[in-house]
Amino acid sequence: MPGPLDGLKVLDLSRFIAGPHCGMMLGDLGADVVKVERPRRGDDTRALEPHVEGESLYFMVFNRNKRSITLNFRDPRAHGLLREMVKQADVLIENFRPGTMEKMGCGWEDLHAVNPRLIMARISGYGQQGSMAAEPCFDGIAQATSGLMEITGDPDGPPTMGGTFLVDYATALYASIGILAAVEHRHKTGKGQMVDASLMGSAVSMLVTAIPEQAMLGRAMSRVGNRDRYSAPAQTFRAADGVWLHMVAGNDAHFPRLTRIMKRPDLLEDPRFATLEARMRNIPAIEAVVGDWIAGLPADEVVALLRQAELPAARIATLPDLLANPYMREARQIVETQHPKAGTVTTHGLTVRLSDTPGEIRHPAPMLGQHTDEVLGEWLGMTPADVGALRDDGTV
């Protein structure tokens, strides 16, 4: 069944994570995504470990549902080929340092003139304009510069990065939302536009109330470890069998249920714990009471009791636990794909599904340049001999 974006032609010039992840999401939903890479080396992530049969798993997880062609951007003839492809494209995604596309004669004004319907998604560290636009930026730098790292980690520990590339993923999502909004606008007007998504903007968007708290109240948000910032008890605890679990029973609807399963009705009479406001003033005390109760029971029993009371709770899963969890395959959150060299690759499934046009994993991440002849033939009408001549010249 065709996906909801079937027929949308996307040129993905991006590297690393944010741009490729954006392109992959469009591909998952049915778009024809053509990944444009350097000859011989391709996307930098193709070199990253671990490799299976010489192919990077890192590259595979961000580049399924794409076709790969190669263009040598050091060759001016490649710039001309790119502009010809832009005439056929609906969307172009790039995450070069701002100014790079302009030096190639492929900036927004240039490409908009070539194809007024083009939507150009530009992903960068600090945006396309401003005093920091040219500064290099990666996920960790955005977490540091935005203050996101400062509010993450244990209260007595150092500022801490998220356990995965949170800012890159958020930026990919924002860029995708911008592209889809621009597609809808084009339906109404026939005109494409530029989408500007930055790692810094994405990181700042995840600071929740930290900005108004500082600006309006002069109160700096601090690190709280695994605690919920706005309710208590909501924390990670260790059970009698040594297994860690996380539970949330902090608001005034949840807490009475917790006292019932703990058989501690007296907690509701204790002025330190009777209300959310009181518990937030006495977080260490209520966590000590709950922690002692959990420490006396095995984790599975605690989780079962909490869930029976309709309180959110879960064991802290290891990666082997995750892969062994039957729900993950039942819900197709973990799936297997077949790669031409690496064989069976276990990876994440489609996160967003539509009821009538759900999308699918149509093909795995491509080999470098695997579809150069095919795409240039389809998009530009080139013959295999034409493409062979370009390959001999080092243009593709």
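The values are calculated or read from the model by the stated rules, or taken from the named source; none is laboratory data. All figures in this text were calculated on a predicted structure; none of them were measured in a lab. Virtual Cβ from ideal backbone geometry, glycine too; neighbours counted across all protein chains shown. Keep in mind that these areas ignore ligands, DNA and RNA; they rest on the heavy atoms of the full protein, side chains included. Shrake-Rupley method; radii C 1.70, N 1.55, O 1.52, S 1.80 Å.
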Quick one: if the Förster radius is 25 Å, what FRET efficiency do Ala133 and Glu213 give, using the C-beta to C-beta distance and rounding to 0.05?
0.30
Computed over segment 217-316, the Cα gyration tensor eigenvalues, each multiplied by 5 and square-rooted, give semi-axes in Å (largest first) of 22, 17, 11
Of the listed values (1) 39, 22, 21; (2) 43, 25, 17; (3) 48, 24, 18, grab the one calculated as semi-axes √(5λ) of the Cα gyration tensor in Å from the structure here.
(3)
How large is the convex hull of the Cα atoms of segment 137-203 per residue, expressed in Å³ as a whole number?
73
Taking N as its residue count, the alpha carbon Rg of segment 125-236 over 2.2 N^0.38 Å:
1.29
Expected unfolding gain across Ala304-His246 under the 0.36 nm per residue rule, minus the alpha-carbon gap, is 19.6 nm
Extending each Cα 7 Å along its Cβ direction at Glu49 and Arg264, get the distance between those two points in nm, one decimal.
4.7
Average projected area [Cα convex hull, segment 95-178], square nanometres:
6.6
Show that you can apply the helix-only estimate: for the chain, add -39,500 (n - 2.57) for every DSSP H stretch of four or more residues, divide by all residues, and state [θ] at 222 nm to the nearest 500.
-10500 deg cm²/dmol
Taking DSSP loops as anything outside H, G, I, E and B, show the longest stretch in the chain free of GluC sites (Glu not before Pro) there with at most 12 other beta carbons within 10 Å.
54-268
Two decimals is fine: what's Rg over Rh for segment 12-158, C-alpha atoms, Kirkwood radius as Rh?
1.01
Rounded Å value of the spacing that divides the Cα centres of segment 167-192 and segment 2-52
16
Binning every alpha carbon pair distance of segment 206-258 at 10 Å from zero, what are the percents per bin?
21, 35, 31, 11, 2
Send over the Kirkwood Rh of segment 42-124, from the inverse of the averaged 1/r over different Cα pairs, rounded to one decimal Å.
14.4
Close Lys-Lys pairs in the chain, where close means Cα under 19 Å and separation is 8 or more or interchain
10
Taking every C-alpha to C-alpha distance in segment 247-297 and binning by 10 Å from 0, the per-bin percentages run 25, 66, 9
Please compute, over every Cα-Cα pair in segment 246-379, the percentage with a separation greater than 26 angstrom.
52
Show the residues, 5+ positions off or on another chain, whose built amide H is closer than 5 Å to the amide H of His339.
Thr344, Val345
Quick test of the membrane-span-like rule: which DSSP H helices of the chain reach at least 18 Å along their long axis (C-alpha atoms) with mean Kyte hydropathy at least -1.0?
166-189
Ignoring ligands, DNA and RNA, what accessible area per residue does the chain give at 1.4 Å, in Å²?
49
Give the carbon-plus-sulfur fraction of the accessible surface of segment 209-341 in %, rounded to a whole number; probe 1.4 Å, heavy atoms of protein chains only.
56
Theoretical FRET efficiency, 1/(1+(r/R0)^6), r = Cβ-Cβ of Tyr327 and Glu378, R0 35 Å, to 0.05:
0.30
